[in-house]
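Peer 1: Dumping the structure here so I can ask a few things about it.
The values are calculated or read from the model by the stated rules, or taken from the named source; none is laboratory data. Remember, predicted model here, so these are calculated numbers, not experimental data. Here the Cβ positions follow ideal geometry from the backbone for every residue, glycine too, while neighbour counts run over all protein chains shown. Each accessible area value is taken on the protein alone, full model and side chains, heavy atoms only, with ligands, DNA and RNA left out. Shrake-Rupley method; radii C 1.70, N 1.55, O 1.52, S 1.80 Å.
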Amino acid sequence: MLQVFKIVNHISGVSPGTFFSIMNVEHSTVGHDQNFVKKYARLGVHQSVFSRRVVNDWNSLPVKEIYSRH
């Protein structure tokens, strides 16, 4: 999760768009507005790549942790 936080907050030097697609949620009453969308993976080998493994964990984090400052 630390690496995801660094990517999303532009600390690691990697563009977030390289790994993640952010869900377009404008007025969500639950969770935070930086939820990721899992990209479709046809092959089994793509099921375990970094960007797919962390989506559920990131989306379940509380707002306080998503917006904490480094």
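Peer 1: Show the residue pairs meeting these rules: Cβ distance below 8 Å; 6+ apart or different chains; first residue within segment 1-24 and on the phi < 0 side of the Ramachandran plot; second residue assigned to a strand (DSSP E or B) and open to solvent by less than 50 Å² (accessible area, probe 1.4 Å).
Peer 2: If the second residue must be assigned to a strand (DSSP E or B) and open to solvent by less than 50 Å² (accessible area, probe 1.4 Å), the pairs left are Phe20/Phe36; Ser21/Phe36; Ile22/Phe36; Met23/Phe36.
Peer 1: Test Gln47 against the criterion of being part of a helix (DSSP H, G or I) and at pLDDT 85 or above, and give yes or no.
Peer 2: It is false that Gln47 is part of a helix (DSSP H, G or I) and at pLDDT 85 or above.
Peer 1: Sticking with this structure for a sec: I'd like to know if segment 51-59 contains one or more residues that are open to solvent by 60 Å² or more (accessible area, probe 1.4 Å) and at pLDDT 85 or above.
Peer 2: Scanning segment 51-59, I find at least one residue that is open to solvent by 60 Å² or more (accessible area, probe 1.4 Å) and at pLDDT 85 or above, so the answer is yes.
Peer 1: Next question, about the same structure. Which condition breaks for Val14 when tested against (1) modelled with pLDDT under 80; (2) open to solvent by less than 70 Å² (accessible area, probe 1.4 Å)?
Peer 2: (1)
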